[in-house]
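Novice: Here it is: the structure, laid out below.
The values are calculated or read from the model by the stated rules, or taken from the named source; none is laboratory data. Fair warning: this is a prediction, and the values are worked out from it, not measured in the lab. Cβ placement follows ideal geometry from the backbone for every residue including glycine, while neighbour counts extend to all protein chains displayed. Accessible surface is based on the protein model in full, side chains and every heavy atom, while ligands, DNA and RNA are left aside. Shrake-Rupley method; radii C 1.70, N 1.55, O 1.52, S 1.80 Å.
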Amino acid sequence: MLRRSEVQGGYWHGVAGGIEEGESPAVAAARELAEETGLSAEPADLGRSYVYGGVTVYCFETEAAAGWEPTLDWEHDEARWCSRAEAEALLHWPEPREVLRGLR
């Protein structure tokens, strides 16, 4: 879980971001993961999406090697490893909570 800095709203969420011109959702997910955490990986498509404020959000997951720790970008001030239940409790928006519940 990542916490957006106070200037960015001060709430918990997963890696997120927009799709740039010419990108597929998967390429955008990998780019945002690298930008926000420093992790270079190929996220797996969960086959789930939702619409938030007129924007379609595509859902992906990935794994990090044991012991890996994120290097946060300017948007975030804290990262936390946690269980799904803990993540659900931290998440600010209901749609990502529903995605987590669907993974069980």
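Novice: Which members of the stretch 1-24 meet the condition of being surrounded by 13 or more Cβ atoms within 10 Å (Cβ to Cβ) and either among the aliphatic types (A, V, I, L, M) or within 13 Å of the chain's Cα centre (by Cα) (or both)?
Specialist: 1, 2, 3, 4, 11, 12, 13, 14, 15, 16, 17, 19
Novice: Taking the stated definitions as given, is residue 58 open to solvent by 60 Å² or more (accessible area, probe 1.4 Å) and modelled with pLDDT of 95 or more?
Specialist: yes
Novice: Something else: So which of 51, 99 ends up being at pLDDT below 95 and open to solvent by less than 50 Å² (accessible area, probe 1.4 Å)?
Specialist: From the options 51, 99, the qualifying one is 99.
Novice: Restricting to the stretch 61-76, name every residue that is part of a loop (DSSP other than H, G, I, E, B) and either touching a Pro at 6+ places or on another chain (Cβ under 7 Å) or open to solvent by 90 Å² or more (accessible area, probe 1.4 Å) (or both).
Specialist: 62, 63, 66, 69, 71, 74
Novice: Pairs needed: first member in the stretch 81-104, assigned to a loop (DSSP other than H, G, I, E, B); second member anywhere, hydroxyl-bearing (Ser, Thr, Tyr); C-beta distance under 6 Å; at least 6 residues apart or different chains.
Specialist: 92/11
Novice: Ok, one more. Residues in the stretch 77-94 that are under 18 Å from residue 43 (Cβ atoms), out of contact with any Gly (no Cβ under 9 Å at 6 or more places or on another chain) and open to solvent by less than 90 Å² (accessible area, probe 1.4 Å): how many?
Specialist: So the count comes out to 1.
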